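One structure below.
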Amino acid sequence: MGDSKEAGTEAPPAGTAARGGLSLLSQGESEEPSAQGSALFLGGNEVKSRAVVKYSSAPPRTAFARLQEKTDLKLPPANWLRESAKLGPAGTTILGNSRKSKPFSSFGMAYDFIDSVGNDVDVVSDSENIKKLLKIPYSKSHVSMAVHRIGRTLLLDELDIQELFMRSSQTGDWTWLKEFYQRLIDQKWQRKKKSKEHWYQKAILSKFLYYSINGDGAAQPVPSAAEQQESSSADQTNDSDGASWPAPFEMPSSVSEDPGASSQGGEPLEPSYIVGHVASAPKEQTLTTLFNDGENSQGLKNDFARNILWTFEDIHMLVGSNMPIFGGGRYPAVSLRLRDNNKPINVLTGIDYWLDNLICNVPELVMCFHVNGIVQKYEMIKTEEIPNLENSNFSTKVIKDIAQNILSFLKSNCTKEGHTYWLFKASGSDIVKLYDLTTLCEETEDKYQNPFTMPVAILLYKVACNMMMKKNQNKKHYGTVRTLLLNCVKLLDKSRHPQIIASANYMLSELFQLDEPKKEESSESPLNENSDESYSEEEEEMPDSDENGSYSTCSDPSDDNKAVAIIKSVGELSVPEKYKSIHQIRPSCAFPVCHDTEERCRLVLSYVLEGLKSVDSSIKKESDLPAADPNTPIPLKYEDESTRGGPEGLEKQMALFLDKMGSLQKGNYSSQSGMIPGSWQHKMKLQLILKSSKAYYVLSDAAMSLQKYGRALRYIKLALQSHDTYCCLCTNMLSEVLLFLSQYLTLCGDIQLMLAQNANNRAAHLEEFNYQTKEDQEILHSLHRESSCQGFAWATDLSTDLESQLSVSCKCYEAANEILQFSDLKSQNPEQYIQVLKRMGNIRNEIGVFYMNQAAALQSERVVSKTVSTAEQQLWKKSFSCFEKGIHNFESIDDATNAALLLCNTGRLMRICAQAHCGAGDEFKREFSPEEGLYYNKAVDYYLKALRSLGTRDTHPAVWDSVNWELSTTYFTMATLQQDYAPLSRKAQEQIEKEVSEAMMKSLKYCDVDLVSARQPLCQYRAATIHHRLASMYHSCLRNQVGDEHLRKQHRVLADLHYSKAVKLFQLLKDAPCELLRVQLERVAFAEFQMTSQNSNIGKLKTLSGALDIMVRTKHAFQLIRKELVEEFDQPKSEETPPAADSSPSLNREEVIKLLGIFESRLSFLLLQSIKLLSSTKKKTSSNLEEDVVLKTNKQIYSQLLRATANKNASLLERIDVLVHLLDQLARGSGGGGGALQ
């Protein structure tokens, strides 16, 4: 048979042609997709019919030869049963269409047109079966058909039940069905003998067709007796043994009881064809044939001359037809029929002829009439006129209603995929019954005894495969695919068909997109996960009245409970829409909604495990491996030093790992189970293992986001073990798989880091890590058949040591980075590469900080020792090395912000080094050392680099502000230490003062007091302190300096300037009253010092007046102190809790008392000096009214102050109240007296 398959294309919409205008097949081999049908208008009733030839193996069409009258058809032509160039091999099914269908003819077609099955097509069947169904109301013949559902498609095949029983009496199989049949349907069944008339009609038809092709009207000599005998046996064998059932059944087929149908066409076969068929019927159908070569295996071959996509009204059918089509006549395509002139055409024959022509899109019928084998005449009839022939009148509308009703009936009741349904009507009966043979079979015997099981399973698998292969396949079909596969697996015996089961389970696992967003799932309609049927079996409520087409049962109660559904009377089928839409069948099964990632991954892993079991069971059989108990742990050899040790052991394991990665590029294969590379087991196991590693990775990621770090580590360990096994089995590592490994190691690094940071919950993490489900154990057991799974043990151990965990995390990232260097993955996956480098930078920062904190801890413990220990220096080196590598990582991906943070941390490390050196030396003789200066300057360099890395504040304001603050602090600390511990043994006082001044000014530069932020009060306090320290320094210089008057004047101005700035800043702060008071007192002391160098009374008075004015201005500080004292005093009354929770720092009472004492004495001194000076001035000069007022006020205040200070029992609060009162008086009394200092 020449396989010239042609893809079919859609014809224009039906109903477009004028009356009687059929689109035709052109001459020659043009049964192309363009062969289209159009609407037929028959007897006033429109019936839409459209046919598209999807495939044709028929040779080019030849014109038929019109036989001369009186030709004797009883004499065989010369070419009878011989090779013919016009026909192709003699005996093919092109000649005649009454030969009974093979039991699996629909499966052969379904395999060839897998795209149509499950979705677009309603019915796949032999045209003979379709004709038989549509003739049910007109015919008394028995009907016996097997019905299978695949998606929304029904497959119909002839089920010769009597032939089945003839065989079962010999083999002992199907006895349960035989008993059931005899008990409920036909008490005394016996095989009907074929009449002599039947064989006579067949022979005449066969000879007629050969005469018509021969083109020679004359009768040829009769072949020899041997040849005749051969041909006779050929005919008989075709009907007895031609139907090819898979073992153990090789069933002959029966001939239609309908005499009209049986006389339509015969099919003579060449003896070698029949012998070949019988010989090739296998004793046992092996998996390999069916799986690899299903469509060509015995009994599942599509051997129709043509396959046609026939749309009849709204029903889409894929039909197989063997009707011979000839050229000639008024039309290029005609069908040729032989009729006995003495027998009128009956309705059944008319329907037959009409349907055959519709299905094959043939516009005309040529009938040759004979009497006793002698040709009489020819008659041509248009297809649309067939329903109106005399004695053969029928309504096309009724045929349409019958088709729709039967389809609705079958679709409503054949709901379970994989089940074999049996549609049966006994001969002469009006009742049609539908049985579920699979259910009946399972009640009694092994389900694998059903010969349809294997072809159905294969078809389910193929349809699912086809749907999966379509790249643009919408996810809404995934429910259908899942159902197909689950039903396929349910039908198959695990021990016999491991390959299909493994493959089906793998496809089931592939249906679940592990990384799909959750919102997509929620839109799906929910479905119970355990439901394996894709169609709703719940029957909608049906009233019992007969008018609604309910499937009522017959009176026999025992028959009642066996039939799935019953048509009480065939007459019902002619009633329009009698059975229409009684059950609304869902076109596809809803996909199970997994409410969380874990549930989805667990489903995937359950399918993966089933697949692995199938593969392993087949390997065990083939190579007789010793069976291992999955519950017994497999002893594994660990290398103590490398698993226990810290970073040193890790280095060795990393080196081994990188060697292995290198060998993967070359394709290093090492399976322990002895699988052959390239075998189906090898390919399937690789896919399943890869899927399991992905599922475990997703589980680990989900656990990580839930902060279940122990569980996350367990899952990533399983993912890496799966991957390790994959590496052992893989002969050619794909870059995609290496990318997965890089992702797994990156996640593993994240988990180890989180475990290190959550050390306080270690017991719970350890418990989660050690827990294992039975499913995980079984998957691991399957992995251990191939490899030791220890390739990544270094990365997945749960350590209790913080340093070790951080090191492992770092090594994971380094390994992930190394992998990305292979096969140019770095440039193909820039995002992944950036992520890995970010994580490497981050972990190196973490490790650097860890070592830095350890060094700081060692430093704080060092009390007696004067020198820096070696351990500290080692920790500095480690910390510095980590920071340096981290900075390099961030700089390589232009991550300025993180690079700046690491530079900032390096600066902090330098400051810790500086602090370590400051402890060396005697506290009394302590000086600021050169080492301190060196490290502080290095710290400054790193902070400046950090600022350069950021560029501007806009890059990252928070980091920018933080670096500025740290830089300011470093300068401030340097200046303070130089000021407090001046290195006078090495430098001159002036040089030190200059350096301190410069450092303080730089600290001020990086301390932004105006920027509104949480740090603003700190900045203001820092700036105020700097101004105060500078003012104190210049004040001190002024006291100690003699000589250069210009320098003295400069220092006086600077001291005054910094004091006033310090006061301004301290006044902005609410929590620094003591500092404000101290600064003001220092200003007063500064004024007193200036007064000592003054000679004139007027000058002294002016300075005194300024000093008293400063005293008045301290009132703000006293008010703040008083407020805090009142709050402290009130708090214990209202709350019995100590005032520790107060946001402002608690007042230092001792400091306040000390400053208060100094203030009282200085105020007393200033007032006394003022009184003395004013009195002496008054004697010398004429009285000044203003001065008199000031003198009087000062005297009053002085006396009150003396009385107050004399009272030793006064409380702190009372003393402050007195001072505030006196300062108020002083402010009022002094009026405009003297120039106030700012």
- Subset of segment 785-818 [among the β-branched types (Val, Ile, Thr), out of contact with any Phe, Trp or Tyr (no Cβ under 8 Å at 6 or more places or on another chain) and either open to solvent by less than 10 Å² (accessible area, probe 1.4 Å) or part of a helix (DSSP H, G or I) (or both)]: THR796
- Query: Scanning segment 368-392 for residues that are out of contact with any Leu (no Cβ under 8 Å at 6 or more places or on another chain) and of a type in the set (A, V, I, L, M), which turns out nearest to GLU69 (Cα to Cα)?
  - Reply: VAL371
- Query: Of all the residues that make up segment 1061-1078, how many are over 17 Å from SER1161 (Cβ atoms) and open to solvent by 30 Å² or more (accessible area, probe 1.4 Å)?
  - Reply: 7
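SER782 - would you say it is surrounded by 21 or more Cβ atoms within 10 Å (Cβ to Cβ) and touching a Pro at 6+ places or on another chain (Cβ under 7 Å)?
no
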- Message: Which numbered condition in (1) assigned to a loop (DSSP other than H, G, I, E, B); (2) polar (S, T, N, Q); (3) surrounded by 12 or more Cβ atoms within 10 Å (Cβ to Cβ) is the only one that THR1025 fails?
- Response: (1)
- Message: I'd like to check something: does segment 975-984 contain any residue that is in a helix (DSSP H, G or I), open to solvent by 50 Å² or more (accessible area, probe 1.4 Å) and among the hydrophobic types (A, V, I, L, M, F, W, C)?
- Response: no
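Would you pick out the residues in segment 381-394 that are open to solvent by 40 Å² or more (accessible area, probe 1.4 Å) and either at pLDDT 90 or above or within 17 Å of ASN346 (Cβ to Cβ) (or both)? Please lay out each step first, then the result.
Going through segment 381-394, the residues open to solvent by 40 Å² or more (accessible area, probe 1.4 Å) turn out to be 382, 385, 388, 390-391, 393.
Within segment 381-394, GLU385, ASN388, GLU390, ASN391, ASN393 qualify.
Here's the yes/no breakdown for (1) assigned to a helix (DSSP H, G or I); (2) among the aliphatic types (A, V, I, L, M):
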position: LEU688; (1), (2): yes, yes
position: ALA703; (1), (2): yes, yes
position: ARG711; (1), (2): yes, no
position: TYR715; (1), (2): yes, no
position: THR731; (1), (2): no, no
position: LEU739; (1), (2): yes, yes
position: GLY749; (1), (2): yes, no
position: GLN752; (1), (2): yes, no
position: LEU755; (1), (2): yes, yes
- Does segment 831-843 contain at least one residue that is open to solvent by less than 30 Å² (accessible area, probe 1.4 Å), over 16 Å from LEU903 (Cα atoms) and part of a helix (DSSP H, G or I)? yes
- Residues of segment 463-496 being open to solvent by 10 Å² or more (accessible area, probe 1.4 Å) and either at pLDDT 85 or above or in a helix (DSSP H, G or I) (or both), which ones? CYS465, ASN466, MET468, MET469, LYS475, LYS476, HIS477, TYR478, LEU486, VAL489, LYS490, LEU491
- Query: Just wondering, is there one or more residues in segment 991-1000 that are in contact (Cβ under 8 Å) with a residue 12 or more places away in the chain, of a type outside the set (Asp, Glu) and open to solvent by 40 Å² or more (accessible area, probe 1.4 Å)?
  - Reply: no
- Task: Take TYR942 and decide whether it is in contact with a Lys or Arg (Cβ under 9 Å, 6 or more places away or on another chain), more than 25 Å from ASP894 (Cβ to Cβ) and either in a loop (DSSP other than H, G, I, E, B) or at pLDDT 90 or above (or both).
- Result: no
- Positions within segment 153-167 being open to solvent by 10 Å² or more (accessible area, probe 1.4 Å) and either without any contact (Cβ under 8 Å) to a residue 40 or more places away in the chain or in a helix (DSSP H, G or I) (or both), in sequence order: GLN162, MET166, ARG167
- Message: I'm checking my understanding of the structure. Among residues of segment 576-606 that are open to solvent by 20 Å² or more (accessible area, probe 1.4 Å) and among the hydroxyl-bearing types (Ser, Thr, Tyr), which one is modelled with the lowest pLDDT?
- Response: SER588
- Note on the structure: Scanning segment 1079-1098 residue by residue, those open to solvent by 50 Å² or more (accessible area, probe 1.4 Å) and either small (Gly, Ala, Ser) or touching a strand residue (DSSP E or B) at 6+ places or on another chain (Cβ under 8 Å) (or both) turn out to be SER1093, SER1096
- Query: Somewhere in segment 860-882, is a residue open to solvent by 30 Å² or more (accessible area, probe 1.4 Å) and under 38 Å from the mean Cα position of the chain (by Cα)?
  - Reply: no
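The values are calculated or read from the model by the stated rules, or taken from the named source; none is laboratory data. Model, not experiment: these values are computed from the prediction. Please note: Cβ atoms are built from the backbone with ideal geometry, for glycine as well, and neighbour counts cover all protein chains shown. Calculation scope for accessible area: heavy atoms of the full protein, side chains included, ligands and nucleic acids excluded. Shrake-Rupley method; radii C 1.70, N 1.55, O 1.52, S 1.80 Å.
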